[in-house]
Amino acid sequence: MTTVMHGRRRGTTRATPTQLEPPAPSMHLPDGTDLRQVTVLSKADWSRIHDELNRRNIEEERVQRIKAEKEAQRQKSKEIVKNWGNTIAGQRQKKLQARKIREQKEEEERVMIDIEEAKYQAAQRKEAIDKAKTQQYYQTDRVKNFHGALLLTEVLKEREAQLDLKKMKDRANEGQDKEWLERVRREYEEGIQREQARAQARLNAAAETRDFQKLQVAEHMRMNELERAEDIVEGEELKKLGIQFQEEKEQLEKIQRQDRQQLMFDNVQHIEDTKMLNALQARQEEEEDDECRMFAAAKRKMMKLRAEKENQIHHEKQRHLEQIRDKLRAQMKDKVDNEDERILRAEQEIEEKKLKEDQARAEKVKKMIQASADHRHESTLKKEQERKAKKIEDLELIQLRKAADEIFQKNEYEKSLLRKAEDEKLKAYHTKQVEQNKKVEELLRQEQLALDKANVELLGLEEKQFQEYAQAVIKHCKDGGRNVYPLKKAAREGAGGGCGPIFAGKGGIRPSYMAADRSGNQLPNFQGATTDEVKLTIEGKGTTKKRIGFVW
């Protein structure tokens, strides 16, 4: 190992064995390094080597330092230039700042406008809500009934005013009746005169119409006479034409009779001619039949001769064939004697072949029987083994089922314990739920009572407001001289509009009670002294039997 160290001297010195003394223990470092093999370098060499080794890192550091200096100079230039007003960037910056300030002012103005608009909208909403509440209040049955009573009051006031006006008119018209009667009489007479003039005009028009109608009747009679004379002349002409038509008709019938007679004669002549033609045609047919019979006899004779000739030719052929058969029979007899020997040899060969086949078949059957017996024996052994294996499997299956049944019984017992525990939990849960339901019902009852109390207070407040409004209206109408009885009746205490007593515990409502008969009328609310005496006699002065709201 060689260690390099740097020193003050510029040159290098390597120790050699001839120049140094014998080795000593002090020439070795504690780590075993031999100082005689150490090379000493100067600081400049060491720096040069170090720079050479770390040149890339040094270059990167220099580049980063130059970039940092440039960035610092750029930032410094920006900081110096950013506040200048005579540059494009400065002008743009001023415009942006002015725009920002202007937008802030506009935003503040919009905010103020929005606030004012919100206040205005809130006032409008409050006014609309108040108006809606007032209208809704005016739409309640009780206020509507009160307003109806107010309208009735106004109607009564108007009726009284109309009655006063009628009385004033009657007093003012007391001296004008005679003048009115005279004017009526004069108008009546003038009307009669006008009616008489119109009647006379109608009579004159009727007379003119009568004279005109008489002239029309005379004209019509003259026209009728002329038409009658024309009808007579036309009748005479028609009579002449009828006689002429009758003569022409008779002449035409005569001509038609002659034509029919001629047609009948022609038909009879045609029938006679037809009969003569038929007779002539019958004679011709008879002559033709005689010729046909002669031709048929000649033909039958020729056919008989031809049949006899054919029979003769057939007999000649049969005789020739018999000769040929005899010749062939003789030749076949010689040939059959030779074939008997070949057939005998063939039969022997067939019997030998059949015997060999029977022996081979017997061997094959024997082998098949032996193979079948072996197969039955193997099948029997296999079935016995399978039966034993199946029996063992059945026993194992029975053991498994038994173990499974035990496990099932154990699981069922554990399930029953779990179900019992769950039932206990469910019972506790149900008990707790019942208690919670009771608490909830109690809370609901308390809430309902509180709600009823609030409703009673609200009904009382509404009754107070209504009475204040009604009393103010009644006072105003009374000061105006109007009849306020309908208003007082409509403004009496107790909402509901019925005739019954006021329910003190139900918000002061006044129900109505209907009669239990077919009429269904509302029962009145009055109680006489006789009723009080009867109740005092029967019930006494006890406080337990209070009135429950029924009216009789």
Within segment 29-46, residues open to solvent by less than 90 Å² (accessible area, probe 1.4 Å) and either modelled with pLDDT of 80 or more or part of a strand (DSSP E or B) (or both) come out as ASP34, THR39, VAL40, LEU41, SER42, ALA44, ASP45
Would you check if there is a residue in segment 441-463 being under 30 Å from ALA161 (Cα atoms), modelled with pLDDT of 85 or more, out of contact with any Ser or Thr (no Cβ under 6 Å at 6 or more places or on another chain) and open to solvent by 70 Å² or more (accessible area, probe 1.4 Å)? no
Would you be able to say whether some residue in segment 130-140 is part of a loop (DSSP other than H, G, I, E, B), of a type in the set (Ser, Thr, Tyr) and within 52 Å of the chain's Cα centre (by Cα)? yes
What single numbered condition from (1) part of a helix (DSSP H, G or I); (2) open to solvent by less than 90 Å² (accessible area, probe 1.4 Å) fails to hold for LEU418? (2)
Would you point out which residue out of LEU151, LEU181 is under 60 Å from the mean Cα position of the chain (by Cα) and surrounded by 10 or more Cβ atoms within 10 Å (Cβ to Cβ)? LEU151
Quick check on this structure: which one of LEU238, LEU203 is of a type in the set (A, V, I, L, M, F, W, C), open to solvent by 100 Å² or more (accessible area, probe 1.4 Å) and at pLDDT below 85? LEU238
Go through (1) at pLDDT 70 or above; (2) acidic (Asp, Glu); (3) loosely packed, with under 10 Cβ neighbours inside 10 Å and name the single condition GLU322 misses. (3)
For the condition in a helix (DSSP H, G or I), out of contact with any Gly (no Cβ under 8 Å at 6 or more places or on another chain), open to solvent by 100 Å² or more (accessible area, probe 1.4 Å) and of a type in the set (D, E, K, R), what is the one hit in GLU208, GLU190, GLU195? GLU208
If I filter segment 449-471 for residues that are over 51 Å from the mean Cα position of the chain (by Cα) and among the aliphatic types (A, V, I, L, M), do I get at least one hit? yes
Can you go through ILE58, ILE49, ILE66 and tell me which one is in contact with a helix residue (DSSP H, G or I) (Cβ under 8 Å, 6 or more places away or on another chain), of a type in the set (A, V, I, L, M, F, W, C) and assigned to a helix (DSSP H, G or I)? ILE58
Looking across segment 459-488 at residues that are of a type in the set (A, V, I, L, M, F, W, C) and touching a residue at least 24 places away in the same chain (Cβ under 8 Å), the single one that is nearest to GLY148 (Cα to Cα) is LEU487
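The values are calculated or read from the model by the stated rules, or taken from the named source; none is laboratory data. Quantities reported herein were computed from a predicted structural model and do not represent experimental measurements. Note: ideal-geometry Cβ built from the backbone for every residue, glycine included; neighbour counts use all protein chains shown. When the accessible area is computed, the model is the full protein with side chains, heavy atoms only, and any ligands, DNA or RNA have been set aside. Shrake-Rupley method; radii C 1.70, N 1.55, O 1.52, S 1.80 Å.
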